[in-house]
Amino acid sequence: MNRYLKNLNKIEFVVTYACTGRCKHCSEGEHPSCGERIDPRIASDAVRKIAAEYDIKTVMTFGGEPLLYTDAVCAVMTAAKELNIPKRQVITNGCFSNNADKIREVAGKLAECGVNDLLLSVDAFHQETIPLHVVKQFATEAKNCGIPIRLQPAWLVSAFDDNPYNVKTREILGSFAELNIPENEGNVIFPEGNALKYLAEYFTDTLPENPYTEDPCDLRCVSFEPNGNVLGGNVYERDIMEIIKDYAP
């Protein structure tokens with residue numbers, strides 16, 4: 001076992017960088033409307049191999065908008081379910097189709113493949129370009145399928161700051177009251193990508209801590225990019241366990 005990953009307990013997949021939103025707070029910058037996605041077979045195989053060697057507690061898929069490629073999400077989550085990995089998480093903006101039948105179908109597939117923690121990104125930034133009624137329709141279908149769902153807002157400066165964006169976010173969250181969906185604490189926006197470009201006036205010398213930074217000498221999470229890049233290697237070119245074995249900070 002690689003000593004730099006001795007505490008590894010999470011696997012995450014950036015399914016795609018393609019997205020249906022054009023959010024000015026996005027740390028990744030501008031997203032295409034379509035693009036590369038993680039290979040479902042290779043991704044699910046990686047989950048099985050890593051879980052055979054490490055005590056994995058969480059498998060997560062996100063993007064971009066991961067549900068543009070539901071097949072990849074379901075392949076990963078099916079493997080996690082079969083391995084009894086406790087938390088099987090999807091982060092989504094809830095907008096991948098305007099078709100009611102398609103929305104219902106995707107919600108059913110997510111329930112069937114074992115998703116048990118659905119984080120729905122809703123806030124002033126997402127709702128500038130993503131129709132709220134579509135998101136609510138997806139949330140309703142997911143609830144009807146029995147998927148545990150939470151609202152995941154992005155806060156500017158802090159969750160307690162009364163800037164116009166946060167005021168709008170609270171209004172949007174309040175509109176979900178009728179659906180009785182619990183609200184997660186969300187995250188504070190970090191100044192990278194679009195956030196630094198469009199929201200620079202809100203960042204001072206005291207910056208929020210980057211929530212995605214890990215100690216490279218004690219990695220707790222293995223993160224796959226859509227092109228297969230992971231830990232300085234590429235899972236399309238080499239076996240994931242060889243990449244893990246050879247990893248060094």
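Throughout, read-outs are computed from the coordinates displayed, never taken from laboratory work. Model, not experiment: these values are computed from the prediction. Heads up, the Cβs are rebuilt from the backbone with ideal geometry, glycines too, and the neighbour counts pull from every protein chain shown.
Quick notes
- The stretch 38-139 - percent relative contact order, Cα under 8 Å, separation 6 or more: 29 percent
- Cα extents for the chain along the principal axes, largest to smallest and rounded to whole angstrom: 49, 48, 29.
- Helical content alone sets the calculated 222 nm signal of the chain at -9000 deg cm²/dmol, taking -39,500 (n - 2.57) per DSSP H segment of four or more residues and averaging over every residue.
- One Cα centroid belongs to the stretch 139-216, the other to the stretch 112-129; the line between them spans 11 Å.
- With contacts taken as Cα pairs under 8 Å at a separation of at least 6 residues, the chain carries a relative contact order of 27 percent.
- For the stretch 45-140: span of alpha carbons on each principal axis (Å, largest first): 43, 27, 18
- Amide hydrogen proximity for Phe13: with H placed 1.01 Å from N in the peptide plane, the residues at 5 or more positions away or on another chain lying under 5 Å are Met60, Thr61, Phe62, Phe224.
- Sorting 76-88, 160-172 by average packing, meaning the other beta carbons within 10 Å per residue, from highest down gives 76-88, 160-172.
- Degrees, to the nearest 10: 164-174 long Cα axis against longest axis of the chain: 80 degrees
- Here the contact order of the stretch 166-249, divided by its residue count and restricted to Cα pairs under 8 Å and six or more residues apart, works out to 15 percent.
- Beta-bridge orientation, the stretch 3-246: approximately 10 percent antiparallel, per DSSP, counting only bridges with both partners inside.
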